[in-house]
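Engineer: Quick one: this structure, given as structure tokens, is what I'll be asking you about.
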Amino acid sequence: MDRSNASSRLRATTLVAVVSHDRLRAQAFEAALRLAISGIDQANPEQLQFVHGDQAQTADAAALTLLLAWEDANPDAGASSLSALQAHQTLRRALQTRGVTFSVLRGDPQHQLQQALAALSRFQTALKPPGAQTLRPPGWQASCQNCDDPDCEHRLLSDLLARR
């Protein structure tokens with residue numbers, strides 16, 4: 001392969017960051033997302049480069065940042081649940097401070113995968129899940145500069161959908 005072909009392949013690569021307050025959760029989600037993409041006809045997984053982590057700087061050079069929402073799976077966890085929520089809020093604030101636009105993935109892992117594929121469809125239309133809706137061109141993202149309420153984006157989206 002000559003240098004011009006190699007450089008054009010590098011330019012065609014899209015960097016996607018998967019971030020969560022829990023590094024292992026981000027790593028597991030990235031692996032599940034890669035697997036889902038590899039099973040989609042017409043998808044080009046080679047054009048997507050993934051990074052994952054629990055720090056805002058993970059997303060610095062990314063074209064798309066996917067933030068796994070904090071979900072309190074065990075309300076009886078007490079202090080560990082509070083600690084996880086605080087870590088998540090700190091990560092959100094750090095992303096906002098750095099000016100990183102991100103898509104929040106909510107719900108169970110299957111719904112999060114569908115949301116991630118819908119966000120990625122702005123780079124590869126073959127990734128758009130059947131029936132996926134977006135508020136703008138595929139890959140809708142929000143960057144709220146005024147708050148760090150984890151439910152804020154959910155309320156905003158619910159209100160917008162209710163107006164339809």
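Engineer: Given the condition assigned to a helix (DSSP H, G or I) and under 15 Å from the mean Cα position of the chain (by Cα), answer yes or no: does some residue in region 72-85 qualify? Give the steps one after another, and end with the answer.
Structural biologist: Applying the first criterion (assigned to a helix (DSSP H, G or I)) to region 72-85 yields 75-77, 79-85.
Filter once more, keeping what is under 15 Å from the mean Cα position of the chain (by Cα): none.
No, region 72-85 has no match at all.
Engineer: If you take the residues of region 113-147 that are modelled with pLDDT under 85, of a type in the set (Ser, Thr, Tyr) and part of a loop (DSSP other than H, G, I, E, B), which of them is farthest from Ala94 (Cα to Cα)?
Structural biologist: Once the filter is applied, the top-ranked residue is Thr134.
Engineer: Okay, next question. Looking at (1) in contact (Cβ under 8 Å) with a residue 24 or more places away in the chain; (2) more than 17 Å from Asp41 (Cβ to Cβ), which one does Asp108 not meet, given that it meets all the others?
Structural biologist: (1)
Engineer: When residues of region 34-66 are filtered for being assigned to a loop (DSSP other than H, G, I, E, B) and under 17 Å from Pro129 (Cα atoms), how many remain? Break it down into steps so the answer makes sense when it comes.
Structural biologist: Restricting attention to region 34-66, the residues satisfying the condition of being assigned to a loop (DSSP other than H, G, I, E, B) are 39-44, 54-55, 60-63.
When the remaining residues are screened for being under 17 Å from Pro129 (Cα atoms), the result is 39-44.
Qualifying residue count, region 34-66: 6.
The values are calculated or read from the model by the stated rules, or taken from the named source; none is laboratory data. The structure displayed is predicted, hence computed values, not measured ones. Positions of Cβ are backbone-derived with ideal geometry, glycine not excepted, and every protein chain shown enters the neighbour counts.
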